[in-house]
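Heads up: the structure comes next, in structure tokens.
Values in this text are rule-based calculations from the coordinates and carry no lab data. All values reported here derive from a predicted model rather than from experimental measurement.
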Amino acid sequence: MSELLYFLIWAAVIFVMLRFGCGAHVMGHGHGKAERDGGDPQRREAGTLRWIPPAEDVDPVCGKTVSTAAAKPSVHAGSVYYFCSRDCREIFEAAPEQYVGPAAQGPQLRLENSHG
């Protein structure tokens, strides 16, 4: 009987700790939730989109205008860049400072060899 009482006391202590103490964030009752949401009910929704991409953007590598819905995106320094092809994206990711930032040279025109 004493073992059962001992077990129930520990179970109650653990429940109180999880409900109000250290593990409250696990059960969704952590502090700071209202501060994170800013009191705005729309921001509390899980599926709220915080950023809407433009319909079109300019590929920083080749200078083409691309539809962002079909483009290949890449993120650099907190900004999203869109590319017409995987090749342009890979060129950009190899040396992004050549295409964006203060030392940017702008779009590079790539000439293809034609034999014929």
Checklist line | Relative contact order (%) - segment 56-98, alpha-carbon pairs under 8 angstrom, separation at least six | finding: 36
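Working out 0.36 nm times the residue gap between residue 15 and residue 93, then minus their Cα-Cα distance, what length gain in nm do you get to one decimal? Before the final figure, lay out the partial values.
Details: separation 78, 0.36 × 78 = 28.08 nm, distance 5.02 nm.
Result for the pair: 23.1 nm of gain on full extension.
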Check: By the gyration tensor of its Cα atoms, with a ≥ b ≥ c the square roots of the eigenvalues, what is the shape of segment 56-98: rounded for a/c under 1.5, prolate for a/b over b/c, or oblate?
Finding: prolate
